[in-house]
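A.B. asks: Here you go, one structure.
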Amino acid sequence: MAKLRAAILGYGTVGQGIHRILQDKREELHQSLGLDIEVGAILVSDLEKERPAAPGVRFTDNFDEVLSIPGLQVVFEAIVGEEPAYGYLCRAIDKGCHVITANKVMFSRYHIDLHERAKAKNVYIGYEATTAGGVPVIKTLKNLLQVNSVHRIQGILNGTSNYILTSMRTDNSSFEDALRDAQALGYAEADPYNDVSGMDAYHKLMILSALAFSEQPDRQAVDVKGIDAITLEDVKRAQEEGLRYRHVAEIIQHSNGRLEASVGPQLVGPDHPLYAIEGVNNAVAVDTNYIGTLTLVGPGAGMYPTASVMVEDYAEIIGKRAGFMISI
Ligand code: NAP
Ligand code: HSE
């Protein structure tokens, strides 16, 4: 029986989801393909914190212990911020491990370096979970870019913002109450600044830009606004006029190749494709030369949607290595 050893960095909303899905799928994979996936260690920052148990798995706050797992094959990264995440992933790749990340803050900045390192070591990077949660926008873009070129991407890329705007409109929630709910549901970051300031959607837009256009626009020049200045009264007034607030991230490639990006709230009417996108859902509309406009919609945050696409990335990697498609 082939034993596959994994480690999970972070055991918050996403890390716990990854562990649960790998546990759920372990027996199936064992039966169908003779593969045994074992989580060798989980990295956290505070070993004293009370958290759901993971029987048989070692918890550690020392990344050296993670790297010392014999036969470690894949590292799932679900911690927060640029460092130490970037440093950990560099070391994992240098050791020959595949890495799968949900960390858009880190990945939007270091994607080129990580891709180059991974290529040099002949390992894969999965990053579907960095952008739009459970919506498979990365794999869809990779597929369509084999034939199409993209000239515009427009979407709702932050689940928390859309959840808050929807709750304010449909439940009369205050901004603060809606944000608290989004945190309790595992949608918002522990520090929700990036969610409500527009920075989270900005990081995701930069990741999409790198993939779709092989470059990012001048990062400092992007106009980024959040939903933090929108009040319940604003939302109600808009509703009376038949309009809804949506937090929209958009990037266009002009005919001279120049990229222009913006992130911020917009008032949209019933004819707008983002009008009907409610709650934690995200939507990404991609304008291409052959297909026309392709729109993907689905849950943009939360434990299982995010963890699921990370485990799908892993399935794809195992399949690529073995030369076939597997479903886990
Ligand atoms: P979370 O609930 O706040 O959990 C973060 C986990 O990372 C915690 O277990 C924490 O340890 C650990 N951690 C943080 N800094 C660490 C460090 N320096 N060393 C070791 N462990 C560290 O966050 P989350 O919602 O799971 O999100 C994790 C990542 O996925 C973030 O980058 C986030 O942006 C991204 N993401 C989240 C979602 C979502 O829906 N939540 C969706 C897509 C992507 P302790 O438990 O000891 O505090
Ligand atoms: N906090 C993020 C959001 C998680 O609400 O969209 C998904 O990246």
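A.B. asks: Kindly provide the set of residues from segment 187-213 that are open to solvent by 20 Å² or more (accessible area, probe 1.4 Å), more than 16 Å from VAL135 (Cα to Cα) and in a loop (DSSP other than H, G, I, E, B), ordered by number.
C.D. replies: Selection gives GLU189, ALA190, ASP191, PRO192.
A.B. asks: Every residue in segment 257-287 that is open to solvent by 10 Å² or more (accessible area, probe 1.4 Å), away from ligand 1 (no atom under 16 Å from the Cβ) and among the β-branched types (Val, Ile, Thr), please.
C.D. replies: ILE277
A.B. asks: Something else: Collect the residues in segment 292-320 that are within 12 Å of ligand 1 (Cβ to nearest atom), hydroxyl-bearing (Ser, Thr, Tyr) and surrounded by 23 or more Cβ atoms within 10 Å (Cβ to Cβ), keeping them in residue-number order.
C.D. replies: Residue satisfying the conditions is THR306 alone.
A.B. asks: Hey, can you tell me all the residues within segment 1-56 that are among the hydroxyl-bearing types (Ser, Thr, Tyr) and assigned to a helix (DSSP H, G or I)?
C.D. replies: Correct list: THR13, SER32.
A.B. asks: Please go through segment 130-169 and give me each residue that is within 16 Å of ligand 1 (Cβ to nearest atom), open to solvent by 10 Å² or more (accessible area, probe 1.4 Å) and touching a Ser or Thr at 6+ places or on another chain (Cβ under 7 Å), ordered by number.
C.D. replies: Passing the criteria: only GLY134.
A.B. asks: Can you report the number of residues in segment 112-142 which are in a helix (DSSP H, G or I) and either of a type in the set (Phe, Trp, Tyr) or within 16 Å of ligand 2 (Cβ to nearest atom) (or both)?
C.D. replies: Going through segment 112-142 one residue at a time, the tally reaches 5.
A.B. asks: Separate question: Quick check: is even one residue across segment 104-111 open to solvent by 20 Å² or more (accessible area, probe 1.4 Å), within 11 Å of ligand 2 (Cβ to nearest atom) and under 23 Å from LEU9 (Cα atoms)?
C.D. replies: Yes, segment 104-111 contains a residue that is open to solvent by 20 Å² or more (accessible area, probe 1.4 Å), within 11 Å of ligand 2 (Cβ to nearest atom) and under 23 Å from LEU9 (Cα atoms).
A.B. asks: Only one of ARG237, ARG246 is farther than 17 Å from ASP218 by Cα and in contact (Cβ under 8 Å) with a residue 40 or more places away in the chain. Can you tell me which?
C.D. replies: ARG246
The values are calculated or read from the model by the stated rules, or taken from the named source; none is laboratory data. Just so it is clear, the model here is predicted, and its values are computed rather than measured. Here the Cβ is made from the backbone with ideal geometry for all residues, glycine too, and neighbour counts use every protein chain on show. Just so you know, the surface numbers come from the protein's heavy atoms only, side chains and all, with ligands and any DNA or RNA stripped out. Shrake-Rupley method; radii C 1.70, N 1.55, O 1.52, S 1.80 Å.
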